[in-house]
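This report concerns only the one structure given below.
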Amino acid sequence: MYKTQAETQEFLRGFLPHLEETPQGREVILCPPFTDLSVLSKTLHGSLIQLGAQNVHWEEYGAYTGEISGPMLTESGVRFVIVGHSERRQYFGETDATVNLRLRTAQRFGLTPILCVGETKQQRDAGETESLIALQLDKGLVDIDQSNLVIAYEPIWAIGTGETCEAGEANRIIGLIRSQLTNPNVSIQYGGSVKPNNIDEIMAQPEIDGVLVGGASLEAESFARIVNFQSV
């Protein structure tokens, strides 16, 4: 929940020039608050950046105050949507069942969902990481088209804490996630205190296809360094 429309425009003025240095083939997706979607859609038309949203409801319309539907997003030029982010699960009662409903709806309306999975510190310390993520995938991916899907592994204990999951461990978990999929070519990202000073090491891992960036995406120079990571 950052950036007014004016602040978003200011961010773009500082960020877009850096994309001239971005290697071909890299995908950049911005997932701003709903109020910024229309202004971004107009500003980014024809650019390297694609537009994503932070959530989607499972119904096309109805009495769901505060929610947003698939058609509302596609009308705004949105192509991706984050589903099941840890903050939605932690603060707003998201469950694996509602995550599955949102995933299905996103795909029904032509959106590519970015499914977030991950464990808390307590769950990791209890040795439950693998079984928990397996359960999240098992319940979340029922009747989901894995040819139109992105998955983000976000260890909750590493989000906004400054504590990053060690790159090799993130690679191991993402490899386990991939082994559970029917489509091994699903793009799987890492998210959790991704910063300019660790992006090169993270992206050097063979199983990690990309990153889901939180706080470090709010400042143009910082995010540009992440987008333009150096292959090691």
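The values are calculated or read from the model by the stated rules, or taken from the named source; none is laboratory data. Computed from a prediction, not measured in an experiment: that's the story for all the values here. Cβ: placed from backbone, ideal geometry, glycine included. Neighbour counts: every protein chain shown.
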Looking at segment 191-206, can you tell me whether even one residue there is touching a Leu at 6+ places or on another chain (Cβ under 8 Å) and either closer than 23 Å to V83 by Cβ or not in a helix (DSSP H, G or I) (or both)? yes
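Of all residues in segment 149-190, count the ones that are hydrophobic (A, V, I, L, M, F, W, C) and not in a helix (DSSP H, G or I).
Just the residues of segment 149-190 that are hydrophobic (A, V, I, L, M, F, W, C), to begin with: 149-152, 156-159, 165, 167, 170, 173-174, 176-177, 181, 186, 188.
Still in the running and not in a helix (DSSP H, G or I): 149-152, 159, 165, 181, 186, 188.
Number satisfying all stated conditions: 9.
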Read through the list (1) touching a Lys or Arg at 6+ places or on another chain (Cβ under 8 Å); (2) within 18 Å of C31 (Cβ to Cβ), then give the number of the only condition that V194 fails. (1)
Going through V56, V99, V39, V81 one at a time, which residue ends up being of a type in the set (A, V, I, L, M, F, W, C), touching an Asp or Glu at 6+ places or on another chain (Cβ under 9 Å) and either under 21 Å from L212 (Cβ atoms) or part of a helix (DSSP H, G or I) (or both)? V56
Residue count for segment 4-21, restricted to those that are touching a helix residue (DSSP H, G or I) at 6+ places or on another chain (Cβ under 6 Å) and surrounded by fewer than 17 Cβ atoms within 10 Å (Cβ to Cβ): 3
Options V213, V186; residue that is surrounded by 20 or more Cβ atoms within 10 Å (Cβ to Cβ), at pLDDT 95 or above and either over 21 Å from P33 (Cα atoms) or not polar (S, T, N, Q) (or both): V213
Could you identify the single residue in I173, I177 that is touching a residue at least 24 places away in the same chain (Cβ under 8 Å), under 16 Å from the mean Cα position of the chain (by Cα) and crowded, with 20+ Cβ neighbours inside 10 Å? I177
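Conditions tested, residue by residue: (1) out of contact with any helix residue (DSSP H, G or I) (no Cβ under 9 Å at 6 or more places or on another chain); (2) among the small types (G, A, S); (3) over 23 Å from N183 (Cα atoms).
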{"residue": "L141", "(1), (2), (3)": "no, no, no"}
{"residue": "W157", "(1), (2), (3)": "no, no, yes"}
{"residue": "E166", "(1), (2), (3)": "yes, no, yes"}
{"residue": "N171", "(1), (2), (3)": "no, no, no"}
So which residues in segment 113-143 are buried (at least 19 other Cβ atoms within 10 Å of the Cβ) and not in a helix (DSSP H, G or I)? P113, I114, L115, C116, V117, G118, E119, L141
If only one of G192, G160 is surrounded by fewer than 19 Cβ atoms within 10 Å (Cβ to Cβ) and either under 27 Å from E221 (Cβ atoms) or among the charged types (D, E, K, R) (or both), which one is it? G160
Complete set of residues in segment 14-36 that are assigned to a helix (DSSP H, G or I), of a type outside the set (V, I, T) and free of Cβ contacts under 8 Å to residues at least 60 places away in the same chain: L16, P17, E20, F34, D36
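Every residue, every condition in (1) surrounded by fewer than 18 Cβ atoms within 10 Å (Cβ to Cβ); (2) more than 25 Å from I156 (Cα to Cα); (3) touching a residue at least 12 places away in the same chain (Cβ under 8 Å); (4) not hydrophobic (A, V, I, L, M, F, W, C), yes or no:
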residue: S38; (1), (2), (3), (4): yes, yes, yes, yes
residue: S47; (1), (2), (3), (4): yes, yes, yes, yes
residue: V56; (1), (2), (3), (4): no, no, yes, no
residue: T65; (1), (2), (3), (4): yes, yes, no, yes
residue: T74; (1), (2), (3), (4): yes, yes, yes, yes
residue: G77; (1), (2), (3), (4): yes, yes, yes, yes
residue: G84; (1), (2), (3), (4): no, no, yes, yes
residue: Q90; (1), (2), (3), (4): yes, no, yes, yes
Subset of segment 207-221 that is assigned to a helix (DSSP H, G or I) and in contact with a Gly (Cβ under 9 Å, 6 or more places away or on another chain) - its residue that is nearest to E163 (Cα to Cα): G215
